[in-house]
Amino acid sequence: MEIIILRKTIEYIKKLDSTTPLWVKVLVPLIGVGGLTTLAIISILLAGLMNAWLGQPLPVLGFEQTFDQPINFPHTKHAGPIEDGGLGMDCTYCHRTVAKASSAHIPAVELCASCHRAVGSYESEDLTQLRVNSGIYEDKENNQVIVDSEMASPINWRRVHRLPDHVRFVHSAHINYLSNNPSAIENVPDHINIEGLDAVPASQVCSTCHGDVANMEKVYQVEPLKMGQCVNCHRKNGGPTDCAACHH
Amino acid sequence: MVTEDKRSWGMVIDTDKCNGCSGCVTACQVENNIPLNDQNKFERGRVMSWIRIERYWEGEFPDVKARFIPILCQHCANAPCEPVCPVYATYHNDEGLNIQVYNRCVGTRYCANGCPYIVRFFNYWEPAWPEDLRNHLNPDVTIRSRGIMEKCSFCIQRIKRGSRKAKEENRELQDGEIKPACQEACSTNAIVFGDLNDPNSEVSKLSKSESDRKYTLMPQLNTDPNVVYLATIDPLKYKDLGEKAKSNEH
């Protein structure tokens, strides 16, 4: 498109002779260049709008890749199925409040450390960092265990799934509904079979919004998590569609 | 149309019990993340308080009496604020609440101009709190940004929490289980909140009683408020009664 406009403009300029008035000589190239710039701006804007509309980074130029966490936490190792080398841990072991409260808490360092003081490689950088953050760690040089509460600090995890500030999403209500109505669960991973069950444990409904987290090396957002998705699911399953149900 | 099984939230305020302590105002401020009112806001007349206590003086000195009326959003059934909104940001839901949808609001302020009770507040500034108070904000309530309207929601976050809890425990919602922040803070129990459609609730007993103390604010406007007031008892009216009782004792 731009090339055609440019070519046409150049052709037009070549045709001009001395009888052409001066304002045409000035204006036509200007319009040509202006048109090009406008087109470029519009296409950039359109790309941005498309990106915003889809709500997820487009899978081009590496935009879809998620970011690094301060400590690499492989969900595959912890929650992944045992056949694939994971531990098959329940989601609710760490995200303990998910079925009871509005938010699914990120566990405290203490919970990680309760296993990892003993379990896991002592060579791994991530685990060493975790032990330092828990306040009890091993000093290899002097070969002694240091208990230093000054070093204990929470890990600054980066949030992956974020809703806008004017939305109140309550995990417990959704988890309880879905675990009692398994037919409404979507994105069921291959290694979980919930066909024909009346009720499933809380840890098997997460995939509806979060995808198959157990098989993610780094967690990324699977669903757009936009209002359209919420409302569609609420209409399908008879949830409230009153604005004040979520916006207050 | 409100069906029978639907709730209709309402409030009864006994002005005879109100002693004007402003506990409800403070509680509301804390519960609903309302920005602090400083001198600048008072001077400009842009104070935000979803519930306020209006004070009236009655009589001449030395027989002067202070009268207090807590005023909050009346959640009118015929709300004058609702039809004027061009973006449908304020509407009536099926639980009898007048809802303000913050993310829809574009800040035309028509609703505030239409409200006869002056209980709608416009955010002229981006809300700000002192650093110490940042972690005291209520996570269940949206922080309203600059340029949008806000008002009393009857503590809808508490209504939702209460209904959710009852649903999870598979039982009916009890009367008096849900208390807005103002009722919880009221030192004299002047505020009663509940379901007006439930004939056994305390609020419907009080609001449907034949008492001559019962009144609503500005009834001539036919707004049909969900907040009912009980008038102050005039001690002079019952003066003879008291003296009779005294003479009976002797």
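Could you list all residues from the stretch A:158-172 that are touching a residue at least 12 places away in the same chain (Cβ under 8 Å), within 14 Å of chain B (Cβ to nearest Cβ) and assigned to a loop (DSSP other than H, G, I, E, B)? Before the answer, list the steps.
Taking the stretch A:158-172 first, the residues touching a residue at least 12 places away in the same chain (Cβ under 8 Å) are A:158, A:160-161, A:163, A:166-172.
Going one step further and asking which of them are within 14 Å of chain B (Cβ to nearest Cβ), we end up with A:163, A:166-172.
Listed by number, the residues that qualify are A:LEU163, A:HIS166, A:VAL167, A:ARG168, A:PHE169, A:VAL170.
Is there a residue in the stretch B:100-122 that is within 14 Å of chain A (Cβ to nearest Cβ), touching a residue at least 12 places away in the same chain (Cβ under 8 Å) and under 17 Å from the mean Cα position of the chain (by Cα)?
yes
Tally the residues that are outside any loop (DSSP other than H, G, I, E, B) and within 13 Å of another protein chain (Cβ to nearest Cβ), restricting the search to the stretch B:123-152. Break it down into steps so the answer makes sense when it comes.
Step one: filter the stretch B:123-152 for residues outside any loop (DSSP other than H, G, I, E, B), giving B:131-136, B:149-151.
Still in the running and within 13 Å of another protein chain (Cβ to nearest Cβ): B:150-151.
Number of matching residues: 2.
Would you mention how many residues in the stretch B:14-57 are surrounded by fewer than 20 Cβ atoms within 10 Å (Cβ to Cβ) and acidic (Asp, Glu)?
Residues flagged as surrounded by fewer than 20 Cβ atoms within 10 Å (Cβ to Cβ) and acidic (Asp, Glu) within the stretch B:14-57 amount to 4.
I'm checking my understanding of the structure. Among residues of the stretch B:215-234 that are in a loop (DSSP other than H, G, I, E, B), within 13 Å of the chain's Cα centre (by Cα) and of a type outside the set (Val, Ile, Thr), which one is nearest to B:LYS65 (Cα to Cα)?
Our first condition is that a residue be in a loop (DSSP other than H, G, I, E, B); within the stretch B:215-234, this holds for B:216-218, B:222-226, B:231-234.
Restricting the remaining residues to those that are within 13 Å of the chain's Cα centre (by Cα) gives B:216-217, B:225-226.
From what is left, the residues that are of a type outside the set (Val, Ile, Thr) are B:217, B:225-226.
Values: B:LEU217: 21, B:PRO225: 28, B:ASN226: 28 Å.
Only one residue fits best here, namely B:LEU217.
Go through (1) in a loop (DSSP other than H, G, I, E, B); (2) within 14 Å of chain A (Cβ to nearest Cβ); (3) of a type in the set (Ser, Thr, Tyr) one by one and return the number of the condition B:TYR91 breaks.
(1)
Within the stretch B:26-43, track down each residue that is out of contact with any helix residue (DSSP H, G or I) (no Cβ under 8 Å at 6 or more places or on another chain) and either among the polar types (S, T, N, Q) or in contact (Cβ under 8 Å) with a residue 12 or more places away in the chain (or both).
Selection gives B:GLN29, B:ASN33, B:PRO35, B:ASN37, B:GLN39, B:ASN40.
Quick one: which residue in B:ARG144, B:ARG164 is surrounded by 15 or more Cβ atoms within 10 Å (Cβ to Cβ) and touching an Asp or Glu at 6+ places or on another chain (Cβ under 6 Å)? Don't jump to the end; show me each part of the working.
Working: B:ARG164 fails: touching an Asp or Glu at 6+ places or on another chain (Cβ under 6 Å).
Selected residue: B:ARG144, the only one of B:ARG144, B:ARG164 that is surrounded by 15 or more Cβ atoms within 10 Å (Cβ to Cβ) and touching an Asp or Glu at 6+ places or on another chain (Cβ under 6 Å).
May I ask you to verify whether B:SER204 is exposed (fewer than 15 other Cβ atoms within 10 Å of the Cβ) and in contact (Cβ under 8 Å) with a residue 12 or more places away in the chain? Break it down stepwise before answering.
Values: exposed (fewer than 15 other Cβ atoms within 10 Å of the Cβ): no; in contact (Cβ under 8 Å) with a residue 12 or more places away in the chain: yes.
No: the conditions fail for B:SER204.
So, in the stretch B:167-185, of the ones that are assigned to a helix (DSSP H, G or I) and within 12 Å of chain A (Cβ to nearest Cβ), which residue ends up farthest from the chain's Cα centre (by Cα)?
Of everything passing the filter in the stretch B:167-185, B:GLU168 is farthest from the chain's Cα centre (by Cα).
Which number in (1) touching a strand residue (DSSP E or B) at 6+ places or on another chain (Cβ under 9 Å); (2) away from chain A (no Cβ under 12 Å) marks the one condition that B:PRO83 misses?
It fails just one condition, (1).
Could you list, in sequence order, the residues of the stretch A:201-230 that are away from chain B (no Cβ under 14 Å) and in a helix (DSSP H, G or I)? Give the steps one after another, and end with the answer.
To start, the set of residues in the stretch A:201-230 that are away from chain B (no Cβ under 14 Å) comprises A:201, A:203-225, A:228-229.
Within the stretch A:201-230, A:SER203, A:GLN204, A:SER207, A:THR208, A:CYS209, A:HIS210, A:VAL213, A:ALA214, A:ASN215, A:GLY228, A:GLN229 meet the criteria.
For the stretch A:166-184, give me each residue that is out of contact with any Lys or Arg (no Cβ under 6 Å at 6 or more places or on another chain) and either surrounded by 18 or more Cβ atoms within 10 Å (Cβ to Cβ) or outside the structural domain of A:VAL231 (by TED's automatic domain parsing) (or both). Outline the logic, then answer.
Our first condition is that a residue be out of contact with any Lys or Arg (no Cβ under 6 Å at 6 or more places or on another chain); within the stretch A:166-184, this holds for A:166-171, A:174-184.
Across the stretch A:166-184, the qualifying residues are A:ARG168, A:HIS171, A:HIS174, A:ILE175, A:ASN176, A:LEU178, A:SER179.
Please count how many residues of the stretch B:18-74 are of a type outside the set (A, V, I, L, M, F, W, C) and either within 21 Å of B:MET218 (Cα to Cα) or part of a loop (DSSP other than H, G, I, E, B) (or both). Working first, answer last.
Initial filter on the stretch B:18-74 (of a type outside the set (A, V, I, L, M, F, W, C)): B:19-20, B:22-23, B:26, B:29, B:31-33, B:35, B:37-41, B:43-46, B:49, B:52, B:54-56, B:58-60, B:62-63, B:65, B:67, B:70, B:74.
Now drop any that are not either within 21 Å of B:MET218 (Cα to Cα) or part of a loop (DSSP other than H, G, I, E, B) (or both), which leaves B:19-20, B:22, B:32-33, B:35, B:37-38, B:45-46, B:49, B:52, B:54-56, B:58-60, B:62-63, B:67, B:70, B:74.
Here the count works out to 23.
Scan B:GLY20, B:GLY96 and give me the residue that is in contact with a strand residue (DSSP E or B) (Cβ under 9 Å, 6 or more places away or on another chain) and either without any contact (Cβ under 8 Å) to a residue 24 or more places away in the chain or more than 14 Å from chain A (Cβ to nearest Cβ) (or both).
B:GLY20
Check A:ARG158 against each of (1) at pLDDT below 90; (2) farther than 30 Å from A:ALA244 by Cα and name the one condition it does not meet.
(2)
All but one of (1) buried (at least 16 other Cβ atoms within 10 Å of the Cβ); (2) within 14 Å of another protein chain (Cβ to nearest Cβ) hold for A:SER134; which doesn't?
(2)
The values are calculated or read from the model by the stated rules, or taken from the named source; none is laboratory data. Here the structure is a predicted model, which is why all the values come from computation and not from measurement. Every residue, glycine among them, receives a Cβ derived from its backbone with ideal geometry; neighbour counts consider all protein chains shown.
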